[in-house]
Every structure is written in structure tokens, then in C-alpha cells.
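**Q** This structure is in C-alpha cells; I'll ask about it shortly.
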């Protein structure tokens, strides 16, 4: 392990890397069930759902193995949130446009992901994606990590809580728990979901404070230990106050991987004829859209998380960026071949980095756990969302600390950073926020007589984002 991952050189140990990998896994294990839910319209148990479930585990693991052995970086990959929702919308639109079944439309949309992945493999091998990273101005780079931090906090306080009212809407901690609602009106609004909301909020904050206290004491694995404490509290509270058994799903769960369903529905099931039926212009537009969102989501996550871990130089450049980007591209191709949407670097990797992960052994550990979930997914599913919320909020706070590196007296830096800080948590898109930051940086430079300070590639990227924002629905 020492020769393979250079643990001593990176100031880490075997135990630290394994704990970091486990921590990353626990914060992002939700994607294993959520991804097939989103891509199949919550058609749980169907052949397509089972196929996407297996594809999620396998493609994620492949991407992480490339990240581990080629880049030696601690970043985890999986089908990206936002991109999977967009993919599901595309599938639905293809079905409406062509009259094909949902499964046939799904297989047609996989062609888009395959082409996107192939394009990224070529761009990565030719160092073009790395040059795009270099084209991002320093001020925008400095703002990526804090903006991701706010997005992580937003996820932790919001959708990751996972509690739904009887009327169907998810609760948001800062609105429904700490907002204008009184306890009595909240109980009326949320019905049976109110008790679960209270338990989730209590669990989340106890987990957060445990993590902070353990981290302040310098205890290794503070994030993982805090999540475990939060999980135990949630499980106990479910038994005591909600009269529910959080382990009930295990009694009927199947631990056998549904290989046949994947072979029948998603494994190399590319519907090229269906892809051609959507029209050349629409097809090209969709490929470009997926490429842009994926590219800047990945770049933002890599730069932001690496900055937090001290893996970048003074110019914000990360060693082995080419190999890290290649892992994302290979993961996307693997996802298309097995049957899932775009695989990208996950922002939850920051939790493993905070737990001490510094090498590819962290990514390897997380990848092995994803493969193991082919057999033990029901066990991973009982980790409450509130426990992962605690970790995400903590890591988000730490990443916001990166604002200290921004020159607040320089409007060229501050305006793009401020816009990213608000755009990223609201849009839940790292790529879109970076696009807005680049556009604002370019506009400021051009209209203050400093147009020559903007690189040609930055102009091109800004123009592409303008087209994406205003012309591509």
C-alpha cells in the first residue's frame, strides 16, 4: 500500500485512509437507492430499477478505482445529482416525442451519456479539460470551495433531511423548524411527519456537535464517529417516540444482486435508432448541455475539495488533475454501458478529506464499499439521512472558511465570488455557479478597460455559458 499510494509522502496512514473512505461512503451512500428512484420514477422493484441500481454501484466503483490508481486522489465518484434528474426529464421527453416506451427511451438516452463520456475521455487524454481548469481565474477558483460549502450546508439543512409531510412536500429545517411556523401550526401542516421532523433535527444537531467536539479534541475519524452517534440516536428515537422500527426493511430485503434484470434492461442496451429519432439538433444540444454541466461540476468539486485539503499550489493548480478528470470520463462511459446517467466527482468527498483522506486509498475503499452494496444495500439504506446531514453541515462550515483567501477589496474577485456564493446553493449546480462567476469576471474586466487580462479560453467558456443559460431550455 505504501508503494502504491505513497502514504508517508502524503502524511497519512492506512487506518486514516480506510476511515476516510468509510466516511465518504456513509455520506454518499444515499445515491445507491436515490439514483434508481429518480431515473425510473420511483418504480422500485422493477427490472429497470434493479438494473439502474446495479449500474450505480458498478459504474461508481469503476470511476473510483481509476481515481485511486491513476490519480492517487481521495475523491469519490457516482451518478451526479442534478444530472440524473435532468436525464430523467430527457427520457420522459424522448418518450413523449417518439412514442417509445420509457425503457426504450431510457436506452436511447444512454447513447447521449456514452457519447458524452467518449468526448470527455478524448478531451482528458489531450489535456484540453486540464487547460480549461487553468483558464479559470484565480478569484473564481478561490470562491469555488466556499460556495460548495454553502451548498453542502443547504443540502444538510434541506433535502438531505428526508422527511415528508402527509401532503407530500419535503420539510426544510430553516423554514419549517426554525421558521415562522409555530409548533401547533407545523403539526397541522405536516401531520404525521412532524414527529419525524423533530427527531431528524435533534439527531442532526447532536451529530454535528459531536463531530465538532471530537474534531476540536483532535480525535481521528470525528466525522464518522459523529455520524454513528447520530444514527444510534435516530434509531433509538424511532423506537421510543415514533413507534417505528428503523430496521424493519431488513426483514424483507433481498441480498442477491439482480444481475438478470440489468442484463435485460440496461447492460449495453443502447437504442441508437431511438437516439436518431429525436433529431440531430436536439441530440447535439443535449450532448453539449450534459458535457458543460458535468465538466464544471467535476472541475469545481476537484478544485474546491483539493483546496480545502491543501492539495493545490499558490495558483490553485492540483497535481494529477488530468488523471482525476480521466476517472470522471471513464466512470461516465462505464455508467452508460451498465445503465446510469453521468458519473461525476461527488462533493461529499469533502467529508472523507476532512477525516484525513489524502490518497487514492480513500477512493479505493469507498469504491469497494460501493461494490459490496450489490449485496448489502439494505444495510446501507438504514443509515438515517439526518446523520449524513450532520457531516455535510460540518464540512460545509469548514469549506466556507476558504473565504479568508479572497481579496475583499478587489471587486474583480469579490463580485464573481459573491455571485457564486448565492447561486450554488440556490441552483444546486456547481457548474452553473462557476459559469455565472466566469461571465461576471469577464464582463467586469471588459468594461473596465482590462479586456487583455482575460484569456481567450475564458472568453469562449463565458460565451458558451451565456448560450446555455439563455438559449438552451
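The values are calculated or read from the model by the stated rules, or taken from the named source; none is laboratory data. What you see is a predicted model; the values in this text were computed from it and never measured. We place every Cβ from the backbone using ideal geometry, glycine too, and count neighbours over all the protein chains shown.
**Q** Looking only at helices (runs of 4 or more DSSP H) that fall completely inside the range 367-473, which ones have 2 or more residues that are more than 25 Å from residue 345 (Cβ to Cβ)?
**A** Details: elements: 385-400, 411-427, 430-446, 456-471.
Per the criteria, 411-427, 430-446, 456-471.
**Q** Give the residues of the range 136-161 that are touching a helix residue (DSSP H, G or I) at 6+ places or on another chain (Cβ under 6 Å), farther than 20 Å from residue 414 by Cβ and surrounded by fewer than 23 Cβ atoms within 10 Å (Cβ to Cβ), sorted by residue number.
**A** Those that are touching a helix residue (DSSP H, G or I) at 6+ places or on another chain (Cβ under 6 Å), farther than 20 Å from residue 414 by Cβ and surrounded by fewer than 23 Cβ atoms within 10 Å (Cβ to Cβ): 153, 154, 155, 157.
**Q** I've got another one for you. What is the number of the single condition among (1) within 15 Å of the chain's Cα centre (by Cα); (2) surrounded by 24 or more Cβ atoms within 10 Å (Cβ to Cβ) that residue 339 does not meet?
**A** (1)
**Q** Hey, residue 310 hits all of (1) on the phi < 0 side of the Ramachandran plot; (2) surrounded by fewer than 24 Cβ atoms within 10 Å (Cβ to Cβ) but one; which does it fall short on?
**A** The one condition residue 310 does not meet is (1).
**Q** Among 47, 55, 70, 29, which is the only one that is within 23 Å of residue 112 (Cα to Cα) and surrounded by fewer than 23 Cβ atoms within 10 Å (Cβ to Cβ)? Before you say what the answer is, go through the steps one by one.
**A** Numbers: 55 fails: surrounded by fewer than 23 Cβ atoms within 10 Å (Cβ to Cβ); 70 fails: within 23 Å of residue 112 (Cα to Cα); 29 fails: within 23 Å of residue 112 (Cα to Cα).
Step by step, each of 47, 55, 70, 29 is checked, and only 47 is within 23 Å of residue 112 (Cα to Cα) and surrounded by fewer than 23 Cβ atoms within 10 Å (Cβ to Cβ).
**Q** Then there is this: Being assigned by TED's automatic domain parsing to the domain that holds residue 396, modelled with pLDDT under 85 and closer than 26 Å to residue 422 by Cβ narrows it down to one residue among 162, 168, 191, 143; which is it? Can you show your working first?
**A** On the way: 168 fails: closer than 26 Å to residue 422 by Cβ; 191 fails: closer than 26 Å to residue 422 by Cβ; 143 fails: modelled with pLDDT under 85.
Answer to the selection: 162.
**Q** Sticking with this structure for a sec: Restrict the check to the range 105-124 and report whether at least one residue is modelled with pLDDT under 90 and surrounded by fewer than 21 Cβ atoms within 10 Å (Cβ to Cβ). Let's see the steps before the verdict.
**A** Step one: of the range 105-124, the residues modelled with pLDDT under 90 are none.
Within the range 105-124, not a single residue is modelled with pLDDT under 90 and surrounded by fewer than 21 Cβ atoms within 10 Å (Cβ to Cβ).
**Q** Further question on the same structure: Quick check, is residue 373 assigned by TED's automatic domain parsing to the domain that holds residue 112 and surrounded by fewer than 23 Cβ atoms within 10 Å (Cβ to Cβ)? Step through it out loud before you land on a result.
**A** Working: assigned by TED's automatic domain parsing to the domain that holds residue 112: yes; surrounded by fewer than 23 Cβ atoms within 10 Å (Cβ to Cβ): no.
No, not satisfied.
**Q** Can you tell me which of 328, 294, 313 is without any contact (Cβ under 8 Å) to a residue 40 or more places away in the chain and in the same structural domain as residue 53 (by TED's automatic domain parsing)? Let's see the steps before the verdict.
**A** Numbers: 328 fails: without any contact (Cβ under 8 Å) to a residue 40 or more places away in the chain; 294 fails: without any contact (Cβ under 8 Å) to a residue 40 or more places away in the chain.
Among 328, 294, 313, only 313 is without any contact (Cβ under 8 Å) to a residue 40 or more places away in the chain and in the same structural domain as residue 53 (by TED's automatic domain parsing).
**Q** Return a yes/no flag: does the range 75-89 have any residue that is modelled with pLDDT under 95 and over 17 Å from the mean Cα position of the chain (by Cα).
**A** Checking the range 75-89: at least one residue is modelled with pLDDT under 95 and over 17 Å from the mean Cα position of the chain (by Cα).
**Q** Report whether or not residue 319 is surrounded by fewer than 24 Cβ atoms within 10 Å (Cβ to Cβ) and either closer than 29 Å to residue 215 by Cα or touching a strand residue (DSSP E or B) at 6+ places or on another chain (Cβ under 6 Å) (or both). Walk me through it before giving the result.
**A** Numbers: surrounded by fewer than 24 Cβ atoms within 10 Å (Cβ to Cβ): yes; either closer than 29 Å to residue 215 by Cα or touching a strand residue (DSSP E or B) at 6+ places or on another chain (Cβ under 6 Å) (or both): yes.
Here the answer is yes, as residue 319 does meet what is asked.
**Q** Being in contact (Cβ under 8 Å) with a residue 60 or more places away in the chain and either in the same structural domain as residue 235 (by TED's automatic domain parsing) or surrounded by fewer than 18 Cβ atoms within 10 Å (Cβ to Cβ) (or both) narrows it down to one residue among 467, 446, 460, 397; which is it? Reasoning before the result, please.
**A** Details: 467 fails: in contact (Cβ under 8 Å) with a residue 60 or more places away in the chain; 446 fails: in contact (Cβ under 8 Å) with a residue 60 or more places away in the chain; 460 fails: in contact (Cβ under 8 Å) with a residue 60 or more places away in the chain.
Criteria check complete, one pass: 397.
**Q** Please find, within the range 245-267, the residue that is modelled with the lowest pLDDT out of those that are farther than 30 Å from residue 18 by Cβ and exposed (fewer than 13 other Cβ atoms within 10 Å of the Cβ). Reasoning before the result, please.
**A** Step one: list which residues in the range 245-267 are farther than 30 Å from residue 18 by Cβ, which gives 245, 248, 251-252, 260-261, 263-267.
When the remaining residues are screened for being exposed (fewer than 13 other Cβ atoms within 10 Å of the Cβ), the result is 245, 248, 251-252, 260.
Numbers: 245: 90, 248: 84, 251: 80, 252: 76, 260: 93.
This residue is 252.
**Q** Identify the residue in the range 217-244 that is at pLDDT below 85 and closer than 27 Å to residue 19 by Cβ and, among all such residues, is surrounded by the most Cβ atoms within 10 Å (Cβ to Cβ).
**A** Quick first cut of the range 217-244, residues at pLDDT below 85 only: 218-224, 243.
Going one step further and asking which of them are closer than 27 Å to residue 19 by Cβ, we end up with 218-224.
Numbers: 218: 7, 219: 12, 220: 16, 221: 20, 222: 24, 223: 32, 224: 23.
By that ranking, first place goes to 223.
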